[in-house]
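The structure appears right after this line, and notes come after that.
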Amino acid sequence: MDLCVTIKGVSFLLQTGLGILGNVLVLLAYVHIALTDPNLQPVDMILCHLAFADLLLLLTRGVPQTMTVFGLRNLLDDAGCKVVIYTYRIARALSVCITCMLSVFQAVTVAPASGPYLSRLKAMLPQLVFPTFVALWFINMAVCIAAPFFSVAPRNGTVPPFTLNLGFCHVDFGDNLSYVINGVAVSVRDFAFVGVMLGSSVYILVLLHRHSRKVRGIRRVQGSTMETRAAKTVLMLVVLYAVFFGLDNVIWIYMLTVAQVPPVVADMRVFFSSCYASLSPFLIISSNKKVKARMVCAASDPAVTNKDSNVQN
């Protein structure tokens, strides 16, 4: 194994391994929070679902990609490729949709209740989270339904034109028209959701700026309110997604202009498209006090934890 392949394999291994670990930790923390506090805030429920979507993305793309880089071949047959690629497409779509949902819900949460409609919408937010999840799942399952029809296991020999060579599977579009239509459809969907999340984030920034000026004019406060901390977490997640989304789509637009995509270009896109799923859980852990508190509690001595609990009781 040459040096370039080794570096690429180690990079994918670290990205996938750390990303899976981070998302699992976030999910476990929220499971513990849900067991002790059934009244989760909408932002907490959305962050938990985001961690699940990102975990699914890494399992269906990062894991087989890493195994392929290290020389494992014939991982999946045609049926396996169809299931894995379909699940990956849904998970990737959910990642952008849920990040957009997070931004919109947080914008509504921090918005001043200036009228009866907005006040009613704020009160309805907890009831809207689960129906929105269901709607996003069904919409993306329908949008991505064509993916299995183009997915096949790798064949011996050269890769046909207008085929995405994922290493462990091929996505063969057959002709240039299908190739371009699929690429444009995916890009338009992603750009639409990214546009909405960026618009919501700008609105949140304006509200936070106004709030900070008002606070400075009234009194000096220590720390931030819970809503402000949550809003800052959402803004950081949106910025993180926008950065890697930009890199991903610059490469994707280039790929649409050529019939035969160089393997190094495809690998770069896979790496950048998975960076958000790998890094977002650590951003959640570092900025969310609820998640961080559960991890500190789990990492502490059980005897000390039980003793403190008995004293509190």
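Bear in mind that the values in this text are calculations on the coordinates, not laboratory data. None of the values given here were measured: they were computed from a predicted structure. Glycine also receives a Cβ, built like all others from the backbone with ideal geometry; neighbour counts cover every protein chain displayed.
Numbers below:
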item	result
Prolate/oblate/rounded call for region 3-312, Cα gyration tensor, a/c under 1.5 rounded	prolate
Between helix 289-299 and the chain: long-axis angle, C-alpha atoms, 0 to 90°, nearest 10	80 degrees
Under 23 Å, Cα to Cα: Lys pairs in the chain, sequence gap 8 or more or different chains	11
CD proxy at 222 nm, helix term only [per DSSP H run n ≥ 4: -39500 (n - 2.57); per residue of the chain; nearest 500]	-27000 deg cm²/dmol
GNM flexibility winner over the chain from L164, L102, L205 (Cα, springs under 10 Å)	L205
Three-way shape call for region 4-74 based on the alpha-carbon gyration tensor, with the a/c threshold at 1.5	prolate
In degrees, nearest ten, helix 42-57 long axis to first principal axis of the chain (Cα)	20 degrees
C-alpha long axis of helix 116-143 to longest principal axis of the chain, angle in °	20 degrees
Burial ranking of peptide ranges 63-75, 270-282 (average Cβ count within 10 Å, highest at the top)	270-282, 63-75
